[in-house]
Amino acid sequence: MKILLVALNSKYIHSNPAVYSLKAYADEILHQCCDPAEMPGIEIAEYTVNQPLNRIMADIYRKTPDLLFISCYIWNRAEAEMLAADMGKIRPELDIWLGGPEVSFDAEEVLERLPAVKGVIRGEGEKAFARIVRAYCGGSSFNDALAEITDLTFREASGRIAVTGESGRIDFDTVPFPYKELDSFSNRIIYYESSRGCPFRCSYCLSSVDKKLKFRSAERVKPELQFFLDRKVPQVKFIDRTFNCSHEHAGEIWRYIRENDNGITNFHFEIAADLMTEEEIELLGTMRPGQVQLEIGVQSTNDKTLKEINRPMDFDRVCEVVSAIRAVNNIHLHLDLIAGLPFEDILSFRSSFNDIFALRPHQLQLGFLKVLKGSPIDRKSENYGLRSTDAPPYEVLSTNWISYEELMGLKGVEEMVEVYYNSGQFIKSVELLLGAFDDAFGFFEALADWYREHGLDMINLSRNQRYENLLEFGRAYAGGGELTDALIYDFYSRENVKSRPEFFGQDTVEKEYSKEFYRLEAEEHNKLSSRQCLEADVRLLRRLTHIEKLGSRYYLFDYTQRDPMTNNARVVEL
């Protein structure tokens with residue numbers, strides 16, 4: 001029997017840890033109870049939602065599976081359902097199963113809507129998947145066997161929809177490590193989980209429905225992390241909902257990665273900043289710059305909003321923690337906001353935005369409320385006047401407190417923040433222009449309005465065009481020469497570009513100055529200390545660096561040494 005687990009990822013760089021975990025668990029269980037000659041073959045096929053669906057379907061068809069399982073999430077539900085429906089037409093004898101959070105809370109409705117689907121695995125899937133495979137391998141009585149498996153909603157032979165009970169949560173340490181080899185993960189993000197569940201009960205999140213929280217033991221986690229470290233994986237992204245909810249668990253893992261640092265691997269964690277202890281802050285301060293990045297879901301600083309969504313937070317403590325970590329400048333910080341929450345109107349959101357921006361995170365991620373099926377906030381939509389899109393991702397359209405027009409304005413702010421702040425490419429320019437506005441939100445709002453008024457909000461623009469646009473916009477708020485110098489500094493901080501954009505004007509560095517500097521540097525090595533520069537001759541030094549004259553000052557941009565926080569070149573004033 002050939003079983004195919006299908007993942008439809010949002011981008012190629014992403015992977016689906018669920019299908020790897022299902023396969024690893026089932027392989028281990030089946031090896032214990034099946035004759036090796038009768039072992040079913042379980043395969044994984046990963047695609048992206050950007051690929052033509054007909055090509056995905058053709059590829060699955062050629063793989064000739066006997067059983068098909070499709071992993072469903074908010075970003076792929078539409079594609080997953082179309083795939084299941086169409087596969088049912090060309091392979092009507094094929095039993096198709098769905099699983100994942102996007103179908104776990106309305107499983108009966110899913111089966112009524114999709115007659116080609118045999119069943120849905122609800123919640124955690126490892127146990128149920130392994131038992132389904134065993135049931136199919138057992139022969140003609142598999143329908144009776146399915147009825148004995150918990151966490152299923154399935155179509156009986158008669159067509160009646162059956163719903164089995166819920167199981168207790170799986171012992172996390174019994175789930176095998178899903179990554180046996182990493183050849184297929186080249187240039188992709190590795191996802192890893194050391195805990196399941198969340199201590200918070202945020203009404204917009206499905207984790208609030210499942211109130212159980214469990215951890216993988218450190219004895220299991222450490223050798224698994226070492227597997228990644230030994231192979232110099234670029235990034236491991238923990239998908240734990242609140243990684244630091246157990247101080248003992250978090251501290252042990254953080255100490256391990258610090259003590260076994262390979263100089264390359266970056267670890268990403270989602271944390272609650274107000275839960276951080278001074279000991280944990282001190283520990284993080286000893287990490288290699290760029291070794292760790294933290295994502296902190298603030299969501300709002302409106303106390304009434306936070307109370308309504310069941311997300312208690314001590315924002316003063318958040319500010320203390322973020323400021324302490326930011327001061328060391330070795331941890332990449334992402335802070336999140338959500339627009340469209342209850343009791344948050346546009347003025348309140350503006351205040352939340354400014355509160356977070358004042359902390360100067362490396363990234364400020366402005367998201368929009370997703371009204372997830374089965375979430376507590378979904379059940380109160382009528383009370384909130386909450387309208388959202390019918391299709392995934394069920395994004396907010398308006399509420400009693402914020403209009404569609406205001407949310408569309410925030411979409412423009414989101415894009416400007418992403419381009420001009422989160423990219424880290426306009427640090428000096430943005431700081432200069434911020435001084436001309438009452439607050440940070442006002443700057444990004446004005447910039448978004450300018451883009452829209454000039455018809456630029458619907459166009460894909462090059463990096464050079466983004467610089468030119470900011471120069472055009474900013475001339476009304478800052479001296480042209482001062483802003484141009486700031487933009488030139490930002491431009492050459494990021495990339496060693498030898499073709500100078502025309503809107504920056506002529507290069508003002510005198511040829512004799514440049515010639516003499518490189519001649520002396522090749523002999524004396526006064527300013528450049530990297531191994532590449534120490535071993536370079538004059539011609540190579542010119543290719544590895546760049547000199548700019550801004551006002552009366554000269555700046556050397558060294559592209560052999562970059563800031564691990566921003567990826568910007570080391571800059572030396574000459």
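The values are calculated or read from the model by the stated rules, or taken from the named source; none is laboratory data. Fair warning: this is a prediction, and the values are worked out from it, not measured in the lab. Positions of Cβ are backbone-derived with ideal geometry, glycine not excepted, and every protein chain shown enters the neighbour counts. Areas reflect the complete protein model, heavy atoms only, side chains present, ligands, DNA and RNA absent. Shrake-Rupley method; radii C 1.70, N 1.55, O 1.52, S 1.80 Å.
Summary table below
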{"quantity": "Theoretical ellipticity at 222 nm over the chain - DSSP helices of four or more residues, -39500 (n - 2.57) apiece, nearest 500", "calculated": "-12000 deg cm²/dmol"}
{"quantity": "Phi to ³J(HN,Hα) by Karplus 6.51 cos²θ - 1.76 cosθ + 1.60 over the stretch 345-359, Hz, x for Gly, Pro", "calculated": "8, 5, 5, 5, 5, 4, 5, 4, 4, 5, 4, 6, 4, 4, 7"}
{"quantity": "The stretch 398-458, dipole about Cα centre (Lys/Arg Cβ +1, Asp/Glu Cβ -1), debye to the nearest 20", "calculated": "180"}
{"quantity": "Rg and Dmax of the stretch 326-469, Cα atoms only, in Å", "calculated": "16.4, 47"}
{"quantity": "Separation of alpha-carbon centers, the stretch 306-366 and the stretch 92-136, rounded to whole Å", "calculated": "38"}
{"quantity": "Portion, in percent, of the accessible area of the stretch 67-210 that falls on carbon or sulfur, probe 1.4 Å", "calculated": "51"}
{"quantity": "Over the chain, relative contact order from alpha-carbon pairs under 8 Å, at least 6 apart, %", "calculated": "8"}
{"quantity": "Test item: Cα-centred dipole of the chain, Lys/Arg +1 and Asp/Glu -1 on Cβ, debye", "calculated": "1020"}
{"quantity": "Cβ-Cβ FRET estimate between residue 174 and residue 499, R0 fixed at 45 Å, reported to 0.05", "calculated": "0.20"}
{"quantity": "Net charge of neighbours whose Cβ lies under 15 Å from the Cβ of residue 537, counting Lys and Arg as +1 and Asp and Glu as -1", "calculated": "+2"}
{"quantity": "For the stretch 20-26, 3J(HN,Hα) per residue [Karplus equation, 6.51 cos²θ - 1.76 cosθ + 1.60, θ = phi - 60°, Hz, x = Gly/Pro]", "calculated": "5, 5, 4, 5, 4, 5, 5"}
{"quantity": "Set of lysines near residue 511 by C-alpha distance (under 24 Å), chain-local residues within fewer than 8 positions excluded", "calculated": "498, 527, 549"}
{"quantity": "Protection proxy ranking of 101-107, 165-171 - average other beta-carbon atoms within 10 Å, highest first", "calculated": "101-107, 165-171"}
{"quantity": "For residue 295, distant residues with modelled amide H under 5 Å away", "calculated": "269, 270, 271, 334"}
{"quantity": "Cα coordinate range in the stretch 418-574, projected on the principal axes (Å, largest first)", "calculated": "53, 30, 28"}
{"quantity": "Sequence ranges 533-540, 438-445, ranked by mean other-Cβ count within 10 angstrom, highest first", "calculated": "438-445, 533-540"}
{"quantity": "Eligible aspartates and glutamates near residue 222 by straight Cα distance, threshold 19 Å, same-chain separation 8 or greater", "calculated": "171, 173, 181, 193, 230, 240, 248, 252, 259, 261, 270, 280"}
{"quantity": "Given (i) 1.14; (ii) 1.19; (iii) 1.01, the label whose value is Rg/Rh (Cα atoms, Kirkwood Rh) derived from this model", "calculated": "(iii)"}
{"quantity": "Phi to ³J(HN,Hα) by Karplus 6.51 cos²θ - 1.76 cosθ + 1.60 over the stretch 151-161, Hz, x for Gly, Pro", "calculated": "6, 10, 10, 9, 9, 6, 4, 6, x, 5, 8"}
{"quantity": "Entries in 118/373; 212/237; 214/237; 63/373; 23/237; 237/304 that, when Cα-Cα distance is taken, lie over 24 Å", "calculated": "63/373; 237/304"}
{"quantity": "Rg/Rh ratio calculated on Cα atoms of the stretch 486-548 (Kirkwood radius)", "calculated": "0.98"}
{"quantity": "Cysteines, the chain, no other Cys beta-carbon under 4.7 Å", "calculated": "33, 34, 72, 137, 198, 245, 319, 533"}
{"quantity": "Beta bridge orientation in the chain: antiparallel %, DSSP, nearest 5", "calculated": "30"}
{"quantity": "Amide H contacts under 5 Å for residue 192, placed H, 5+ residues apart", "calculated": "237, 238, 239"}
{"quantity": "Two-site label geometry, residue 39 and residue 222: point separation in nm, points 7 Å out along Cα→Cβ", "calculated": "3.0"}
{"quantity": "Among 499-512, 65-78, the order from most to least packed when residues are scored by Cβ within 10 Å on average", "calculated": "65-78, 499-512"}
{"quantity": "Relative contact order for the stretch 412-546, counting Cα pairs under 8 Å that sit 6 or more residues apart, in percent", "calculated": "23"}
